[in-house]
Amino acid sequence: MSGAITRRTVLAGGAASMLAAPWVARADTKNLRIGMQSILSGPIALLGTSSRNALMIEQDRINAAGGFLGRQIEFVYRDSKGQPQEAARIARELVNSEGCELLIDAEASSGAFAVQEVVRDLGNVVCLHTNSETSSLTADPKIRAPNAFRVARQGVHDAVAGSMYLSDYANAKKLNKWATCSPDYAYGRDTTAQYLQFFKKFKPDIEVITEGWPKLGQPDFTEVITKLIQAKPQALFTLLYAGDLSAFVNQGNVYALFSQMTVATPNVDYPVLAAIKNLPAGIQSATRYLETFPDTPGNKEWGQAYLKRWKERPTNWSWQNSLAMHFYEEAIKKTNSLDAKALSAALSGMKINTPFGADGTITMRDDHTTIGYAIGWGQTTPKEPFIIDVKPADWGKIIELETDWKKQQKYI
Amino acid sequence: MDLDALGACLMTPACVVTQTTSGLIVGMLLFLVAAGVTLIFGVLKIVNFAHGTFYMLGGYVAYTALGITDSYALAVLSGTLAMALFGVLFERVLISRVYGSNVLMQLLVCYAVVLIFDDVVKLVWGPEFHAMGMPPAFQVPPLFIAGGVVPPFYAVLIGIAAMIAIVLGLGLSMTRLGKTVRAAAINPQMVSALGVNTTALFAIVFAVGGGLAGLAGALAAPVRSLSPGMGFSILIESFIVTVIGGMGSIGGALVAALVIGMVRGFGTIGFPQFTDGLIYIVMIIILLLRPQGLFGRPT
């Protein structure tokens, strides 16, 4: 065997060393790496993509202003495909192998709960959950982690706000016979129950006369729609979302469903509005994200900047991710550190100015969840701004009833 | 379980008309997809696990064609013809290489095609869902027959699917090509020995099967959301139809699709929490009584 080192050996050795020691390849960069994981493929990939889009805008803005602690920020994006076990693996890998010093967990609830345990175990990094709305993630003290925070809507807040609006509407229109139609999995069943619990508290005389539980991603809703028509409710509450909601509305139009009953949903988002070609007027709808609510120059400017950059409108997940970076920015300015304990202490109770706040501010409460974000309900119209007559929710009432609910659940 | 509601529905003409229409539309669209699966299996003994991809691509092609031509008829035609052509390419380039191979090899090839084209759809049309929207001609109020609701668009779809079923049935039983296809399903070696170009014949079978799935995808596009991976959901039910009807039987596929449609239509009234389970129970009962399916030949 010859002892000579060939060109091929050198190349192979070089490649192997790059693979074996990735930190060598990036030793010359002082960028602050922020791990971001979300659902970037599959049926709801558009939500994950819209999260990433918002973060890319934030990255440019923050870097143009000098970055964090004088270091340019750089996101490391990972696709969990919506699988909890993959979400947990990725979270650990982002910190241990990719050298990320901050985390943005842009998973839906199933992944967020898995990430929560990893973050608790790691202990040395702060994580902001930007898309999980399941209340117990932060409301339940046994699940809450000292270094993890939710920068997103919370199910119980939306349920109280929606129920208050719908009970007023139902009283005004004398709507007592209701139907529900929600996706047949934990989110659909639990959140429908939560809405009904508050709804019945505000309007005890409502009666749910029929329920539809289509599968997530079911292509055809005809049998559900015809069943609803047969039951003749005065109003329908639905938690269908994204492509399922679009298909339901299109198929409902064929049966003139929307002229036979009032329909209410908290899940109308810009992609749904854009995809539904014949959006019926008069659907009672929450504002997931709406450029015209709050009707402020700051909110409009943010929505237009997103539209200009990505040629499409932002989603509810977009503003939540944008807001998360604002929280990081303020906390790092305040502590001048990336230390998990220092950042967590700074984030608890922090109030920041933001266009997404009902009164121009949003607070990170000391139970690690955000309050004061814009929640409104109005009615759809086929043309822009798509939702009109938006009534803002009463945050005082939301917090009062949330506290009752937490006591009921024995969280406090 | 709400047998009282089901009984009341069956006694009410309005409910019977509405739920029957609902069952027919679900069943007939399912038939168009399942007919291709069963035709391909009947002749080539290939279980085409990629058939849902044809359905998905048919919808997407129609969606794009509508944007270009502004004509729903041309959009449906484009989706159908594009998938017929895709069927030929699929058969010639891939499937023809695994004839007679282990079924796992065939499954692997089909599954690879499913994954590849799910990603192709993401690259071309994006990962987000799309909706075609109802053609203006069908943006009309539903008809009321005996108090039951019958949407004109669905009535037309049912009519088109029924016409396809008749043409397919007559074509297979009365034309020379149809008779050759049926003969090839029974004894392909003999058909080949008699001088029939089986290469072309197999490609035609895939063209017809693919075209039918593309047609179903295009016809349904105005009311169903288009998203990557959408073919998978319809594939499962089309296999159930194929198995219940009898592998290789077009008539069986039609009857089985209508059975599934009606189980869905009326099951949602009587068994609202168990409609999917009911379909599988019907399948198990039929297969226990007739293991070869309703119209299948005993092996």
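Some observations on this one:
- Enumeration of residues in the range A:370-380 that are assigned to a strand (DSSP E or B) and either small (Gly, Ala, Ser) or under 21 Å from A:Glu101 (Cα atoms) (or both): A:Gly376, A:Gly378
- Conditions (1) closer than 26 Å to B:Leu74 by Cα; (2) among the hydrophobic types (A, V, I, L, M, F, W, C); (3) surrounded by fewer than 16 Cβ atoms within 10 Å (Cβ to Cβ); (4) within 13 Å of another protein chain (Cβ to nearest Cβ); number of the one not met by B:Met163: (4)
- Within the range B:239-275, the set of residues being more than 13 Å from chain A (Cβ to nearest Cβ) and not β-branched (Val, Ile, Thr) comprises B:Phe239, B:Gly245, B:Gly246, B:Met247, B:Gly248, B:Ser249, B:Gly251, B:Gly252, B:Ala253, B:Leu254, B:Ala256, B:Leu258.
- Only one of B:Met83, B:Met134 that is touching a helix residue (DSSP H, G or I) at 6+ places or on another chain (Cβ under 8 Å) and within 11 Å of chain A (Cβ to nearest Cβ): B:Met134
- Residues that are over 12 Å from the mean Cα position of the chain (by Cα) and touching a residue at least 24 places away in the same chain (Cβ under 8 Å), drawn from the range A:137-151: A:Leu137, A:Thr138, A:Ala139, A:Asp140, A:Pro141, A:Ile143, A:Arg144, A:Ala145, A:Pro146, A:Asn147, A:Ala148, A:Phe149
- Residues satisfying the stated conditions in the range A:347-364, i.e. within 14 Å of A:Phe149 (Cβ to Cβ) and either buried (at least 20 other Cβ atoms within 10 Å of the Cβ) or of a type in the set (Phe, Trp, Tyr) (or both): A:Leu347, A:Ile362, A:Met364
- Residue list for the range B:222-238, filter: facing another protein chain (nearest Cβ under 7 Å), surrounded by fewer than 24 Cβ atoms within 10 Å (Cβ to Cβ) and under 15 Å from the mean Cα position of the chain (by Cα): B:Ser233
- Any hit, the range A:174-184, residues being touching a strand residue (DSSP E or B) at 6+ places or on another chain (Cβ under 9 Å), within 14 Å of chain B (Cβ to nearest Cβ) and of a type in the set (S, T, N, Q): yes
- Residue check for B:Thr53: in a helix (DSSP H, G or I), modelled with pLDDT of 95 or more, polar (S, T, N, Q) and surrounded by 22 or more Cβ atoms within 10 Å (Cβ to Cβ): yes
- Filtering A:Gly282, A:Gly298 for residues that are on the phi > 0 side of the Ramachandran plot and small (Gly, Ala, Ser) leaves a single hit, A:Gly282.
- Single residue of the range A:232-249 satisfying the filter (of a type in the set (S, T, N, Q) and buried (at least 24 other Cβ atoms within 10 Å of the Cβ)) that is nearest to the other protein chains (Cβ to nearest Cβ): A:Ser246
- The range A:205-231 residues that are within 8 Å of chain B (Cβ to nearest Cβ) and at positive phi, paired with ones that are part of a loop (DSSP other than H, G, I, E, B) and surrounded by 21 or more Cβ atoms within 10 Å (Cβ to Cβ) (beta carbon under 6 Å, 6 or more apart): A:Gly217/A:Pro43
- Only one of A:Phe237, A:Phe248, A:Phe293 that is touching a Leu at 6+ places or on another chain (Cβ under 6 Å), in contact (Cβ under 8 Å) with a residue 40 or more places away in the chain and among the aromatic types (Phe, Trp, Tyr): A:Phe248
- In the range B:230-248 there is at least one residue that is in contact (Cβ under 8 Å) with a residue 24 or more places away in the chain, aromatic (Phe, Trp, Tyr) and farther than 25 Å from B:Gly178 by Cβ.
- On the stretch given as the range A:18-69, residues that are more than 13 Å from the chain's Cα centre (by Cα), at pLDDT 90 or above and part of a loop (DSSP other than H, G, I, E, B) total 5.
- Count - residues of the range A:394-412 that are touching a residue at least 24 places away in the same chain (Cβ under 8 Å) and more than 21 Å from A:Leu137 (Cβ to Cβ): 2
- The range A:384-401, residues that are of a type in the set (Asp, Glu) and at negative phi: A:Glu384, A:Asp394, A:Glu400
- Single residue of B:Gly246, B:Gly211, B:Gly195 found to be buried (at least 21 other Cβ atoms within 10 Å of the Cβ) and farther than 27 Å from B:Leu115 by Cβ: B:Gly246
- Which numbered condition B:Val76 fails, given (1) within 28 Å of A:Val254 (Cβ to Cβ); (2) within 14 Å of another protein chain (Cβ to nearest Cβ): (2)
- Check on A:Ala247, within 30 Å of B:Ala155 (Cα to Cα), assigned to a helix (DSSP H, G or I), among the hydrophobic types (A, V, I, L, M, F, W, C) and under 28 Å from the mean Cα position of the chain (by Cα): yes
- Qualifying residue in the range B:43-59 (condition: within 21 Å of B:Met134 (Cβ to Cβ), over 17 Å from the mean Cα position of the chain (by Cα) and not aliphatic (A, V, I, L, M)): no
- Members of the range B:72-123 that are under 19 Å from B:Ala207 (Cβ atoms) and of a type in the set (Val, Ile, Thr): B:Val76, B:Thr80, B:Val88, B:Val93, B:Ile95, B:Val98, B:Val109, B:Val113
- Some residue of the range B:8-27 being more than 11 Å from chain A (Cβ to nearest Cβ), over 16 Å from the mean Cα position of the chain (by Cα) and surrounded by 24 or more Cβ atoms within 10 Å (Cβ to Cβ): no
Results for (1) within 30 Å of B:Asp4 (Cβ to Cβ); (2) out of contact with any Asp or Glu (no Cβ under 6 Å at 6 or more places or on another chain); (3) surrounded by fewer than 20 Cβ atoms within 10 Å (Cβ to Cβ), shown as yes or no for each residue.
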site: B:Leu254; (1), (2), (3): no, yes, no
site: B:Ala257; (1), (2), (3): yes, yes, no
site: B:Gly261; (1), (2), (3): yes, yes, no
site: B:Arg264; (1), (2), (3): yes, no, no
site: B:Thr268; (1), (2), (3): yes, no, no
site: B:Phe271; (1), (2), (3): yes, yes, yes
site: B:Ile284; (1), (2), (3): yes, yes, yes
site: B:Gly293; (1), (2), (3): no, yes, no
site: B:Arg297; (1), (2), (3): no, yes, yes
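- Segments classed as helices (runs of 4 or more DSSP H), wholly inside the range B:67-183, with at least 3 members that are at positive phi, under 20 Å from the mean Cα position of the chain (by Cα) and charged (D, E, K, R): none
- Residues considered: A:Lys383, A:Lys277. Of these, the only one that is within 14 Å of chain B (Cβ to nearest Cβ) and either surrounded by fewer than 16 Cβ atoms within 10 Å (Cβ to Cβ) or in a loop (DSSP other than H, G, I, E, B) (or both) is A:Lys277.
The values are calculated or read from the model by the stated rules, or taken from the named source; none is laboratory data. Given the structure is predicted, the values throughout are model-derived calculations rather than measurements. Positions of Cβ are generated from backbone atoms using ideal geometry, with glycine treated the same way; all protein chains shown enter the neighbour counts.
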